[in-house]
Amino acid sequence: MPSVERKARVKDALERVNMAHRMRHYPAQLSGGQQQRVAVARALAGSPSILLADEPTGNLDSKNGEAVMHLLADLHREGSTICMVTHDPRFAKHAQREVHLFDGKVVSEQELKKLEEEVEA
């Protein structure tokens, strides 16, 4: 990829996560949330057909978490498949399909609630 195109993609991706103003900073100069947003930008810059996202909102406050979810939704609308792992039900609700795991096994939502109640008892 030509340097000009690479730089344009990087700038666009950083703008999409509101981090273009920190383009010249090193990771150690960024907060955890800012580093998380840069990681999302890095994924966006490659225009992936499939994106595996492990807790993409993990270090973010609710406002920035929602912003990342909107970016992932945009990426999905542009044709990417998104496979996201999250423990936060607010962000899981953004998905078209949810798959619940309990002790490494796929379970239905109803079965998950029952199993969680048993564990709490």
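Multiply the residue gap between LYS114 and ASP12 by 0.36 nm, knock off their C-alpha separation, and tell me the result in nm, one decimal place.
Value of the extension gain: 32.2 nm.
Per Stokes-Einstein, at 4 °C and 1.567 mPa s, what whole-number D in µm² s⁻¹ belongs to the chain, with the Kirkwood radius over Cα pairs as the hydrodynamic radius?
Values: Rh = 16.0 Å.
The Stokes-Einstein estimate is 81 µm²/s.
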Measuring from the longest principal axis of the C-alpha atoms of the chain, the long axis of helix 109-120 (C-alpha) lies at a number of degrees, nearest 10, equal to 70 degrees
Note to self: with every protein chain in place and a 1.4 Å probe, region 55-121 gives an accessible area per residue in Å² of 74 Å²
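Determine the gain in length on full extension of the stretch SER80-ALA28; use 0.36 nm per residue of separation and subtract their C-alpha separation, reporting nm with one decimal.
On the way: separation 52, 0.36 × 52 = 18.72 nm, distance 3.04 nm.
Here the segment from SER80 to ALA28 would lengthen by 15.7 nm.
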Given trypsin sites (Lys or Arg not before Pro), DSSP loops and at most 14 other Cβ atoms within 10 Å, the longest exposed-site-free stretch of the chain is 25-92
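Just how many pairs of Lys in the chain have C-alpha atoms closer than 19 Å, counting pairs that are eight or more places apart or on different chains?
Values: LYS63/LYS93; LYS93/LYS113; LYS105/LYS113; LYS105/LYS114.
Pairs that pass both the separation and distance tests number 4.
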In whole percent, the fraction of accessible protein surface over the chain that belongs to carbon or sulfur atoms, probe radius 1.4 Å, stands at 52 percent
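The values are calculated or read from the model by the stated rules, or taken from the named source; none is laboratory data. Bear in mind that the values here come from a model prediction, so they are computed numbers and not experimental data. When we count neighbours, we look across all protein chains shown, and the Cβ atoms used for this are built from the backbone with ideal geometry, even at glycine. Surface accessibility is based on the protein's heavy atoms, side chains included, excluding ligands, DNA and RNA. Shrake-Rupley method; radii C 1.70, N 1.55, O 1.52, S 1.80 Å.
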